[in-house]
Every structure is written in C-alpha cells, then in structure tokens.
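Student: Sharing a structure here in structure tokens format.
The values are calculated or read from the model by the stated rules, or taken from the named source; none is laboratory data. From a predicted model like this one, the values you see are computed outputs, not experimental measurements. Cβ: placed from backbone, ideal geometry, glycine included. Neighbour counts: every protein chain shown.
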C-alpha cells in the first residue's frame, strides 16, 4: 500500500506522519512507498523543521533525509491513499485531483484535524507527534491491512 501524507508546507506534520508510518511498516514487515508533500510550494527543497526532526529522533524516527516538495498531479496515480492533516488540505487536493482518484483523499484523523504546530513550541510538536502516531496506527488498521 503506497501512502502519501499531505500538510501545508511539508516540513512539520506530513514528514513526521510519513516517518512514523515508515517505522510502523518496518516493524510489521509491510512493504509500500511512504512519502509526504505540501499543498504549497513555500518550502520546496528544505529540510523538515528542526523541532519535528528532534521530536521524531527522540521517538526513534529519522527525518534527516527529508526534503519538502509540493503535491504533483502524478501523486494521485502513484499513491493508493492520500492522508491530509486538515479539511482545507482535502479541499485543495480535490480541486486538482482527477475524478477517478478523489476517493483516495482522507483526513488522517478521521473526523479530527491535526493542527499545525509550526507557530508553537516544542511541546506542541511532541503533542502532534503523539497524535500522528495514534492516527497512523489507526489508519494501518482501517485502510492498510
């Protein structure tokens, strides 16, 4: 199962979610492509936010190789599921997704949005990581296996 995680700038939530899911895949012997992207191009080529990298590392997840990218039209073909962090991201993707692929777009938190910790402190990154881990495990149960 190939999964794409999408947030706004692709430096906080979506790289952490992708790192968490890669870790879960490895732990469970699941194969598939796991990537992340942003709806906006502001951070293309940049590393993940240092706070995201630090929190992920403290939890055994390596984000050091992450480089931000923007969602592309090819992503809708390449990925089986596209998890977004907020309803606004889903709306943005549904505007550009081919009709045949719109069903792949889901809110990772089910009914809950995962708020951006970028303008907050490191404690917010820890809370976001914890929520992402819970939602990734749920997504695995509900969609992947």
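Student: Could you list, in sequence order, the residues of the range 64-92 that are touching a helix residue (DSSP H, G or I) at 6+ places or on another chain (Cβ under 8 Å) and assigned to a helix (DSSP H, G or I)?
Tutor: 76, 77
Student: Output yes when any residue across the range 50-64 is more than 13 Å from residue 129 (Cα to Cα) and touching a strand residue (DSSP E or B) at 6+ places or on another chain (Cβ under 9 Å), and no when none is.
Tutor: Within the range 50-64, not a single residue is more than 13 Å from residue 129 (Cα to Cα) and touching a strand residue (DSSP E or B) at 6+ places or on another chain (Cβ under 9 Å).
Student: In addition: Being under 12 Å from residue 38 (Cα atoms), exposed (fewer than 13 other Cβ atoms within 10 Å of the Cβ) and free of Cβ contacts under 8 Å to residues at least 40 places away in the same chain is the requirement here; does residue 64 meet it?
Tutor: Details: under 12 Å from residue 38 (Cα atoms): no; exposed (fewer than 13 other Cβ atoms within 10 Å of the Cβ): yes; free of Cβ contacts under 8 Å to residues at least 40 places away in the same chain: yes.
No: the conditions fail for residue 64.
Residues checked against (1) surrounded by fewer than 19 Cβ atoms within 10 Å (Cβ to Cβ); (2) within 9 Å of the chain's Cα centre (by Cα); (3) at pLDDT below 95; (4) closer than 15 Å to residue 70 by Cα:
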site	(1), (2), (3), (4)
1	yes, no, yes, no
9	no, no, no, yes
16	no, yes, no, no
26	yes, no, no, no
48	no, no, no, yes
55	no, no, no, no
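Student: Could I ask something else about it? Applying the selection to the range 134-145, what residues are surrounded by fewer than 19 Cβ atoms within 10 Å (Cβ to Cβ) and either within 12 Å of the chain's Cα centre (by Cα) or without any contact (Cβ under 8 Å) to a residue 60 or more places away in the chain (or both)?
Tutor: 134, 138, 141, 142
Student: For the range 76-128, give me each residue that is out of contact with any strand residue (DSSP E or B) (no Cβ under 9 Å at 6 or more places or on another chain), without any contact (Cβ under 8 Å) to a residue 24 or more places away in the chain and surrounded by 17 or more Cβ atoms within 10 Å (Cβ to Cβ).
Tutor: 124
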